Each structure stands twice: as C-alpha cells, then as structure tokens.
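The values are calculated or read from the model by the stated rules, or taken from the named source; none is laboratory data. Bear in mind that the values here come from a model prediction, so they are computed numbers and not experimental data. No Cβ is skipped: glycine too gets one built from the backbone with ideal geometry, and neighbour counts run over all protein chains shown. What goes into the accessible areas is simple: the full protein's heavy atoms, side chains included, and nothing from ligands, DNA or RNA. Shrake-Rupley method; radii C 1.70, N 1.55, O 1.52, S 1.80 Å.
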Amino acid sequence: MDSTRVTEQPTSFERPQPGVDPADPRGAFLRSPAPTAGTGAALPAQGRSGGEPPAPGAAAPGGPAPDAADGPASEHSQPGAGPDAEPDAHRPRPAPDGIPVQPADGQGRVDRAPGGAERRTGQVTRPGRPTPMRRDGDRLRFVGAATRRIARGIDLDEIVMGLCRATVPTFSDAILVYLRDPLPVGDERPTGPLVLRLRRTDRIPPERDTEGGGFMPIAPPEQPSELDSVGEELCTVRPGSALAEVLRGVRPVFTDAPAARAALPELLGEEGAAAVPDGQRAVLAPLRGRRRVIGAALFLRRPERIPFEADDLLVAAQLATHSALGIDKAVLYGREAYIADELQRTMLPETLPRCTGVRLASRYLPAAETARVGGDWYDAIPLPGSRVALVVGDVMGHSMTSAAIMGQLRTTAQTLAGLDLPPQEVLHHLDEQAQRLGVDRMATCLYAVYDPVAHRITVANAGHPPPVLLHLGGRAEVLRVPAGAPIGVGGVDFEAVELEAPAGATLLLYTDGLVESRLRDVWTGIEQLWEKLAATAQLTGADHPPPLEALCDEVLDMLGPGDRDDDIALLAARFDGIAPSDVAYWFLEPEDAAPGRARRLARRQLSRWGMDELSDSVELLVSEVVTNAVRYASRPVTLRLLRTDVLRCEVGDDVPQLPRLRQARATDEGGRGLYLVNRLARRWGATRLSTGKVVWFELNHG
C-alpha cells in the first residue's frame, strides 16, 4: 500500500515560532511543545516525506505506543476519533453559504493521555474536527463566500446587509457600518464636510449568545431606542483629526493602535468608544470606493473570544473593498433607476383629466425592475364640444431610445389632437413624424374620439391590438376595427370607423404586453381578456358596471409568472354620456340682434332646468362671447348649453383666430368682454377647430 502523507498547515491562531520553517511538511507538529515525561499526549501516526508509515503497534513520535486492545490504527482514522472524542452534537457546524463559524469559547482544548495526564494546548479547537478558520485555505473560502454574498445585492441596503450577515458571527461578534451622508454619485465632488451616518449594525442575536457576555457599543436595529444613549448616529469628520487620518490611510487597522484609539471617540462618541474592548479585538476598516472614502466598518469581538490576528486585517481589507465597490455601483444604479423613473413619469400623464360624460382609469407596468422605461404610452386629451380623445401606443423595445421616441410621438399626438383633426388624419401625421425620426422608428397606435352627446366613438388603428368594449349587461365585445399598418411604414392609408358607445359601457385600450407573451399568442391573450372582463362584470350584476379601478386590477391579475415580457399600458374609459334632455343647441345668424337672442334663449333654457339663480351671470357672459363671435364671423354662430355636474356654455364660429385676454386701457371702448368671462366663470378656454374655433366657459350650479 502507498504511503499516505498527512500534514497540517499553521493555524490562524498560532504565532510562528523561531527556528521553524512554515513550509515544513510536518506542519504543526514542529510548533507543538514537546511533551514532558508522563504528560505526553498520544498523537496519530504521521507519514514522513519519502518514508513508510510506522508499523502497527509502533510508538508515535513524541508519545507512547498505543494500547494493544485498541488494535492497529487505520490509515483512514481521524485524530480524536477514539473513546475521548466528543459526540457529533458538540462539533462546530458550518454557517450558511459555506462560511465556517469560529467558536466563541477561548478556553483551549484539553488532551488526555492514556495515563490520565492532561495537556492544555492553548488553542481553540474541538477534538475530532479541525478548527474552523484553522488553515489559510479556510480564510480563502470564507472570503470567497462572503464576497459572493455581498455581490448578490443590487441596491445599497442589500449590499450593506450582505456585509453584516456574512461577517456576523463568522468573522466578528458585531459590526457597525458607517456611510457618507450624502453618498456621492459617480464623478460628483462633495462640497460640504465629510459626514458619516450609521447605516446598519448587527450582532449575534441574544438567543445565540450563550456566553452571556456579549457586547455591542451601539444597539442593534431591533432596539433603536437605545441608540442615542450609547452611540452616535452622525459623525462629522474634521480635517486633520485622528479619524480623518485613519480614513485617509485606507487600510484596516487594529483599534489598539494610537491613531485608531484616538479616532474611536470621534466615530462612536465617548461612551461608545469606552465599550470597545482593549487589545486586538476590534478592526476599523475604511470603505473606499472608486475615487474616495465613502464610509467605515468596525468589526468587534467579545473579550472572551480570541482576538484578531494580522492575517485578519487582510480579510477585513477584502470585505471592505468589495463592499465599497458594490456600494459605489449601487449608488450609480440607483441614480440611473431614478432617472429612468423620472423620464417615464414625465412621459406619461401624471393625472388623467376630468372630462364630461366619461370616467377614466389607467395602469402602467414596466417589463422588469431592471428596465423601468419603455415605449408604451397612453393619453386622454379633452377636445372641444365636451369630447375626449383616447390614445394608446407602443414603440418597439423598452429602452431609453424607445422612451425618447415615445415622448416625441405622444407630444405630436397631443398637438394634432389640439387641432381637432379626425383620427385617421392624426395617425397619418404620426406616421410622417415617425419617418422623420428614423427609418427603423416604428410603433403601433390606436386613436379614438368619444362624443358624450352623440354617444358615439370614432376609432382609427395603426397595427395595434383591437379594443374591447364591456357592455352594461356583462357582455364583452372585441371591436371590429381595421388593423392598418404600424406607424413608420409610410405610404399607408388609415381608416376610421364610427361605433355606438352606449351609456354604462367600458372601453378598454391596452398594449400587446397585456395579451402576448412567450407562452401565448396575441389572439389567445385577447380571448382570455374577453373572458376575464365578462367574469368580472358578472360579480357586480347586470345593472351595475364594475368599478374602474378594481376592473383594472382584475385585468392585470390575469398575467401569469411567465407573461411579463413587455411593457403594459392600460386605459379604461367608462361612458356615462350626456342625456339629450341636458343639451340645448341653437344656430344664430351673424347679425347685430344675435347677442340679444342668445340672452333670451339662455334664460329660457335655464328656467326649464331650474337654474334661475345663474341667469344673470350666464346672460352677461353669453352676450359678451356671442358679440365677439358675430363681429368677425361670416357663417352662423352656434350656441350650446350642457348641464352636467357644471353648466357649460360653448360658442362656435368660423374664425380660426383665438381670442386672448388683455388689459383694456381706460380710454378703450372695448376689450373687456374676456376680462368679465375670466372673473365670473369657473373655467374658460378657446380651442381651434378645422372649421373655426370654439370659446367655452363653465359655471358651478347647486
């Protein structure tokens, strides 16, 4: 049988002894004290370099021969596996992530020789198993496992927590992590003084602290009430102070060094510094990012535990370096995520408008947390005549470029809607704009205009999934709208269709991320959406439509774990409409008698509606607006009154120039009409139409 070489490397808790070569294969045996007569401990047989193992029954070096009753020693037998070995329940167990745990006792191991004599080795060890962190390889494994755990974090809190969980209790009994406040981002140069804020503390939980002598200069997070009385949460680093010099040195230091001992009161306060144990039981490690110091970490061990050694400074340096670089990247990632969130928020409507005769709700979901911006958008744009334009679109991709293109197309759509162009004309101009942006700038879009007075909706589509209409009785219907070509193709004619929009119905506009994924095609998803809407409507009964907000949440619940491949934009519109009895409409010839006739018609209609208290104000404002319209119009002027939650008056003419509010001089005979409208009306405005303009104002009624 080939000889088996069994060697031991120097332990992490032993000091090199003079005259001993650390590379000698005999390892720890040359560093162990020679046994005295009568007290030598029995050692297992060791193979020698280039030699044969001793014969069975031969005496081991430095000890007596084994008892014959024990039989020959097996080449696979482990030291301490004899009768005196401790049971498995008392052997150290590794911590999660493969990080070995150091023992908390400092009493050293007692070896018992066959003769009954005892020898205390002065080492923290367990019979039958090598001591954790005993070899340099164990340190490397610990550093590897700890850095992997730190590297898992993406944001700042995850990285700091990973540092704390990786080091406690394996490397230290407690840790305090201070970070710069505020943390600089990228190449930013801090302008104010260096201020450190206590970001997180961690320690061995009380249930695991069996020794009962644990210490903690600053209370753990579970006890924030003790924080102020024991330590300092904020620390201002003065230039030239002891703490500033330690941080400038970058390398971890023991706190028994004069500079570090002088820096502790500045970092922890006088009371906190007094609680730090003496000797090499605390390590202060500066955290340096790519360009500057961004914080500090303090590793602590209890007085009854073995102190840190010189090699532990290298471990602390590795932990501090990986944590600082991770924090630096997390801050950069957080800034990018903030920019992405702000970009997406400004690209989408902050709030939906309150339009007459329709209620709105919306949702937006990014494709993933790491891709927070995309090309999906929705919009609701009030139009003249109490109408509203409903828009939903999707630019290819979900990146910054897609979001930028989406913003340009959305702005273009809002401008075109302000011109009151037909839906097909809006899509035509959007197509031209996409071609000007680039040859590969393609998008889908659906543009619909709802008229609450006529209870009709006009829809034009550019390659977008069709909308779904949920009727009041619970029947869901996929609207038959010509698909058309996507925006950006060029040379394509778009077609608009006009459909019924009954009161109580709900129109659902969405992007393809809601109905299409790797697991299903578009039409399968549309069918599932149709079924989901019908099932949701049955819960509220045939006479009551489901609430809009709850309906949007139910629709998003249909998404499974593998259904989130793209951004999702969702816009729901509940059609309330305006009843014919709440609408009054007249044509007025452009003549001098038109303002007087408008006043009489308005007073008569308000009397029918029981709103006589508004007659004086309405007569005055109608007279001023109609007078301005008649002065320049060449065709009949329209006058319309709408009674909803407010009283709305609309006056239309064929002159495209919009009126503007100006301050009339004392000598002017006119120019005060819009000033009166601005002072008396709740709201007012003017909108240009393809055939002229509409001037409107609103008044509150009881």
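Annotations
- Scanning segment 399-433 for residues that are under 22 Å from Asp512 (Cα atoms) and not in a helix (DSSP H, G or I) turns up just one, Ser399.
- Residue match in segment 336-347 (condition: aliphatic (A, V, I, L, M), open to solvent by 40 Å² or more (accessible area, probe 1.4 Å) and at negative phi): yes
- Out of Ala219, Ala285, sole residue that is at pLDDT 85 or above, open to solvent by less than 80 Å² (accessible area, probe 1.4 Å) and not basic (Lys, Arg): Ala285
- For Ala629, the criteria (1) under 37 Å from the mean Cα position of the chain (by Cα); (2) in contact (Cβ under 8 Å) with a residue 60 or more places away in the chain; (3) part of a helix (DSSP H, G or I) hold in every case but one, which is (1).
- Selection within segment 635-654 - open to solvent by less than 20 Å² (accessible area, probe 1.4 Å) and without any contact (Cβ under 8 Å) to a residue 40 or more places away in the chain: none
- Any hit, segment 434-444, residues being surrounded by 24 or more Cβ atoms within 10 Å (Cβ to Cβ), in contact with a Gly (Cβ under 7 Å, 6 or more places away or on another chain) and part of a helix (DSSP H, G or I): yes
- Filtering segment 389-420 to residues that are closer than 20 Å to Gly463 by Cα, open to solvent by 30 Å² or more (accessible area, probe 1.4 Å) and modelled with pLDDT under 90 leaves Met396, Gly397, His398.
- Tally, over segment 583-610, of residues that are surrounded by 15 or more Cβ atoms within 10 Å (Cβ to Cβ) and either of a type outside the set (D, E, K, R) or within 53 Å of the chain's Cα centre (by Cα) (or both): 13
- All conditions in (1) touching a strand residue (DSSP E or B) at 6+ places or on another chain (Cβ under 9 Å); (2) open to solvent by less than 10 Å² (accessible area, probe 1.4 Å) hold for Val515, with the sole exception of (1).
- Among (1) in contact (Cβ under 8 Å) with a residue 24 or more places away in the chain; (2) hydrophobic (A, V, I, L, M, F, W, C); (3) surrounded by fewer than 22 Cβ atoms within 10 Å (Cβ to Cβ) - the single one Ala501 does not satisfy: (3)
- Hits in segment 459-496 - residues which are part of a strand (DSSP E or B) and either open to solvent by less than 30 Å² (accessible area, probe 1.4 Å) or among the aromatic types (Phe, Trp, Tyr) (or both): Val459, Ala460, Asn461, Ala462, Val468, Leu469, Leu470, Ala476, Ile487
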